[in-house]
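Enquirer: Pasting a structure here, questions to come.
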Amino acid sequence: MNKKLIALAGGLLLPAFAGAADLDGATLGLGWGVPFAGILLSIALFPMLAPGIWHHHFGKITAVWTALFLLPFAAAFGLGHTGALVLHALFTEYIPFIVLLFALYTVSGGILVWGSLHASPRLNTLILAIGTALASIMGTTGAAMLLIRPLLRANEGRKRNVHVVVFFIFLVANVGGGLTPLGDPPLFLGFLKGVTFGWTFQHMLMPVLLLSALLLIIFYFLDRHMFAKEAKEGTLKPVDTSHDKPLKLHGKRNFWLLGGVVGAVLMSGLWKPGIAFELPGVHLELQNLLRDLALLLLAFVSLWITPKQVRAGNEFNWLPILEVGKLFAGIFITIAPVIAILRAGDHGALAGLVQTVSGPDGKPLDGMYFWMTGILSSFLDNAPTYLVFFNLASGDAAELMGPFASTLLAISMGAVFMGAMTYIGNAPNFMVKAIAEHRHVKMPGFFGYMLWSGAVLLPCFLLLTLVFFHF
């Protein structure tokens, strides 16, 4: 009886389901997106309303929402199709995603910047600028993990230091990764689809420079205002330089391992041996398997060769990567029907949304591509969202780099830049938040962070629209 009820509930979610073997977004109702929305709302509300429950049970809460998707899905589509969907989500999306994050988190956590740093508007702005530049070389995760702890130590004890972490997320964890396919996952997917390394750098250079400059200027004057306010209130501690120690880098051998991470990622995009292994719903290519194995090996080598004192100096622990790992496992599974509906284009339940990116003559509206890719990247995973609009615009890399170059630029900018709008827009956002909270920074909740991003980033995005797309 219960099975029949579950099947009936699943059937109600399928207004035009015809027993398709593949996940056809045209047959799916929006109800299938409820568990995904549930995970997002849990991330937003639980830390605010029940922080103790969330801190101890966020993995279980995510698992419950995932089960609420899988049970009716299995009843409606069958266990075989459900298993194929889970395998596809895990092996082709989640595992490569979390393995790369794990490698970058582990290796960069073995590099310690140690010495006396005294916070000032100039120093803080300089650290943000360095991190922004490094993000396209070592990835947003690598750059964020390398510099967030020194920045927090420099600003330790300040009454007002939340804005420092928020702008760090904006710049180092997101905008800075826009210059190369190594910087951010959406651009790497474009690279795998045929978008050249040089095209990305050439076309994203001016948007990244303009947005970075705007944010650094805003941050400098905001931080200067905060320093003046703290000095007036008497809460700013006097700087004691009598025991200062020079800045030193420890764990430098990990830079070689970071080079190995970059090499492994590039290898998987450039080397195509044509060897693949098939599982239900999964097409595993040899170069990708070797990349993931190499990344794991590099991470374990880092753990082996890095002295314990170096990681202790970084207050290195596994909590941030565990939180990201558990939450995104549920997100990658429950997001599947939402992405399928978007891919269905004019035939899906979100047809109205998809139609906003094209004019009456069918030509792409670049400004709308920027905003729609960006808005969805703020709440969905920005890598598959990038692919959805990449395929919607043309799907052919040569054409998108040629006649539709401005459309590809819009998609790239939206996916990379607007990942900064929410904590879930890009995985490093969550990791930086977790590290900052571990260092007793009172980070804003989900909606509180969105107030920051809305007030600071949205006017900048409007300016970018006018400059690059003449909306």
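Enquirer: Calculate one ³J(HN,Hα) per residue across region 256-261 by plugging θ = phi - 60° into the Karplus curve 6.51 cos²θ - 1.76 cosθ + 1.60, and present them in order as whole Hz with x for glycine and proline.
Expert: After applying 6.51 cos²θ - 1.76 cosθ + 1.60, I find 5, 5, 4, x, x, 4 Hz.
Enquirer: Also, I was wondering about something else. So what's the net charge close to Pro364: Lys and Arg +1, Asp and Glu -1, counting the other residues with Cβ under 14 Å from its Cβ?
Expert: Values: positive: Lys363; negative: Asp361, Asp366, Asp396, Glu399.
Its environment carries a net charge of -3.
Enquirer: Around Pro307, under 13 Å between beta carbons, what's the net of Lys plus Arg minus Asp minus Glu among the other residues? Can you show the working numbers first?
Expert: Numbers: positive: Lys252, Arg253, Lys308, Arg311; negative: none.
So the environment of Pro307 carries a net charge of +4.
Enquirer: If the cut-off is a Cα-Cα distance under 19 Å, which lysines reach Lys248, setting aside same-chain residues fewer than 8 apart in sequence?
Expert: Cα-Cα hits under 19 Å: Lys308.
Enquirer: Classify region 58-116 as rounded, prolate or oblate from the Cα gyration tensor: take a ≥ b ≥ c as the square roots of its eigenvalues, call it rounded if a/c is under 1.5, otherwise prolate when a/b beats b/c and oblate if not. Write out the running numbers ahead of the final one.
Expert: Working: a/c = 7.66, a/b = 2.50, b/c = 3.06.
Verdict is oblate for region 58-116.
Enquirer: Excluding same-chain residues fewer than 8 positions from Lys193, which lysines have a Cα within less than 26 Å of its Cα?
Expert: List returned: Lys272, Lys363.
Enquirer: So which of Lys159/Lys245; Lys326/Lys442; Lys229/Lys442; Lys245/Lys433 end up more than 26 Å apart by C-alpha?
Expert: Numbers: Lys159/Lys245 24 Å; Lys326/Lys442 23 Å; Lys229/Lys442 18 Å; Lys245/Lys433 28 Å.
Check vs 26 Å cut-off fails for Lys245/Lys433.
Enquirer: Inverting the mean 1/r over all pairs of different Cα atoms, compute the Kirkwood radius of region 364-420 and quote it in Å. Intermediate results must be reported in sequence, preceding the final value.
Expert: Working: mean 1/r = 0.0940 Å⁻¹.
When all Cα pairs of region 364-420 are included, the Kirkwood radius is 10.6 Å.
Enquirer: Could you tell me the calculated FRET efficiency between Phe300 and Lys326, based on Cβ-Cβ distance and R0 = 22 angstrom, to the nearest 0.05?
Expert: Working: r = 21 Å, r/R0 = 0.96.
Calculated value: 0.55.
Enquirer: For a quick protection proxy, order the peptides 359-371, 143-155 by their average other-Cβ count within 10 Å, most packed first.
Expert: On the way: 359-371: 16.6, 143-155: 24.5.
Result, highest mean Cβ count within 10 Å first: 143-155, 359-371.
Enquirer: Would you kindly state how much longer the chain becomes between Ala63 and Thr196 on full extension, computed as 0.36 nm times their sequence separation minus their alpha carbon distance, in nm to one decimal? Please report the intermediate quantities before stating the final value.
Expert: Values: separation 133, 0.36 × 133 = 47.88 nm, distance 3.86 nm.
Roughly 44.0 nm would be gained on extension.
Enquirer: Also, quick follow-up: In the chain, which longest range has no GluC sites (Glu not before Pro) that are both DSSP loop (not H, G, I, E or B) and surrounded by at most 15 other Cβ atoms within 10 Å?
Expert: On the way: sites that count: Glu156, Glu315.
The reported range is 157-314.
Enquirer: Along region 398-406, what does the Karplus equation 6.51 cos²θ - 1.76 cosθ + 1.60 (θ = phi - 60°) give for ³J(HN,Hα), rounded to whole Hz, x for Gly and Pro?
Expert: Rounded to whole hertz, the list is 4, 5, 6, 7, x, x, 10, 4, 5.
Enquirer: May I pose another question? Accessible area of Phe277, 1.4 Å probe, to the nearest 10 Å²?
Expert: 100
Enquirer: Under the √(5λ) rule applied to the eigenvalues of the Cα gyration tensor, what semi-axes describe the equivalent ellipsoid of region 303-396? Give them in Å, descending.
Expert: Working: eigenvalues 311, 45, 22 Å².
Three semi-axes, in Å: 39, 15, 10.
Enquirer: Quick one: Karplus J couplings for region 414-424, per residue in order, coefficients 6.51, -1.76, 1.60, θ = phi - 60°, nearest Hz, x for Gly and Pro?
Expert: Running phi through 6.51 cos²θ - 1.76 cosθ + 1.60 with θ = phi - 60° gives x, 5, 7, 6, 7, x, 7, 6, 9, 4, 8 Hz.
Enquirer: Rank-order 178-184, 267-273 by packing density, defined as the average count of other C-beta atoms within 10 Å over each peptide's residues, highest first.
Expert: Values: 178-184: 26.4, 267-273: 14.1.
Most protected by this proxy first, the peptides run 178-184, 267-273.
Enquirer: A follow-up question, please. Mind running the shape call on region 420-463? Use the C-alpha gyration tensor, a ≥ b ≥ c as the square roots of the eigenvalues: rounded below 1.5 for a/c, prolate if a/b tops b/c, oblate otherwise. Show your work: numbers first, answer last.
Expert: Working: a/c = 2.71, a/b = 1.89, b/c = 1.43.
Verdict is prolate for region 420-463.
Enquirer: Collect residues whose amide H, placed 1.01 Å from N in the peptide plane, falls under 5 Å from the amide H of Glu285; neighbours closer than 5 in sequence don't count.
Expert: Here the answer is Phe277, since their amide H atoms fall under 5 Å of that of Glu285.
Enquirer: For the chain, with only Lys/Arg (+1) and Asp/Glu (-1) charged at the beta-carbon, what is the dipole magnitude about the Cα centre, in debye rounded to 20? Walk me through the numbers on the way to the answer.
Expert: On the way: 28 positive and 22 negative charges, 324 e Å.
With Lys and Arg at +1 and Asp and Glu at -1, about 1560 debye.
Enquirer: I would also like to ask the following. Based only on the alpha carbon positions, what is the Kirkwood hydrodynamic radius of region 154-258, in angstrom? Mind showing how you got there, number by number?
Expert: Details: mean 1/r = 0.0586 Å⁻¹.
It is 17.1 Å.
Enquirer: Among Lys442, Lys60, Lys433, what's the order by accessible area (1.4 angstrom probe), most exposed first?
Expert: So the residues, ranked largest to smallest area, are Lys442, Lys60, Lys433.
Enquirer: Leaving out ligands and nucleic acids, note down the accessible area per residue over the chain with a 1.4 angstrom probe, in whole Å². Write down the numbers at each step before the final one.
Expert: Details: 20470 Å² over 471 residues.
Normalised by residue count, the accessible surface of the chain is 43 Å².
Enquirer: Taking a ≥ b ≥ c as the square roots of the Cα gyration tensor eigenvalues, with a/c under 1.5 meaning rounded and otherwise prolate when a/b beats b/c, else oblate, which class fits region 320-471? Working shown, then result.
Expert: Details: a/c = 2.29, a/b = 1.56, b/c = 1.46.
Taking the square roots of the gyration eigenvalues as a ≥ b ≥ c, region 320-471 is prolate.
Enquirer: Counting each DSSP H run of 4 or more residues in the chain as -39500 (n - 2.57), what helix-only mean residue ellipticity at 222 nm follows after dividing by all residues, to the nearest 500 deg cm²/dmol?
Expert: Working: 21 runs with 320 residues, N = 471.
-22500 deg cm²/dmol, from helical runs alone.
Enquirer: For region 431-461 and region 356-373, compute the distance between their C-alpha centroids and round to whole Å.
Expert: Between the Cα centres of region 431-461 and region 356-373 lies a distance of 30 Å.
Enquirer: What ranking, highest mean first, results for peptides 28-40, 130-142 when packing means the other Cβ atoms within 10 Å averaged over each residue? If you can, show how the numbers build up before the last one.
Expert: Working: 28-40: 20.3, 130-142: 25.2.
Peptide ranking by packing, descending: 130-142, 28-40.
Enquirer: Normalise the Cα radius of gyration of the chain by 2.2 N^0.38 Å (N = residues in it) and let me know the number. Present the calculation step by step, with values, prior to reporting the outcome.
Expert: Numbers: Rg = 22.6 Å, N = 471, 2.2 N^0.38 = 22.8 Å.
Here the Cα radius of gyration is 0.99 times the empirical estimate.
Enquirer: Could you check how many percent of all C-alpha pairs in region 96-190 are farther apart than 16 Å? Walk me through the numbers on the way to the answer.
Expert: Values: 2395 of 4465 pairs.
It works out to 54 percent of all Cα pairs.
The values are calculated or read from the model by the stated rules, or taken from the named source; none is laboratory data. Not measured: the values here are computed from a predicted model. Cβ sites come from the backbone with ideal geometry, for glycine too, and all protein chains shown count toward neighbours. The area values use the complete protein model at the heavy-atom level, side chains included, leaving out ligands, DNA and RNA. Shrake-Rupley method; radii C 1.70, N 1.55, O 1.52, S 1.80 Å.
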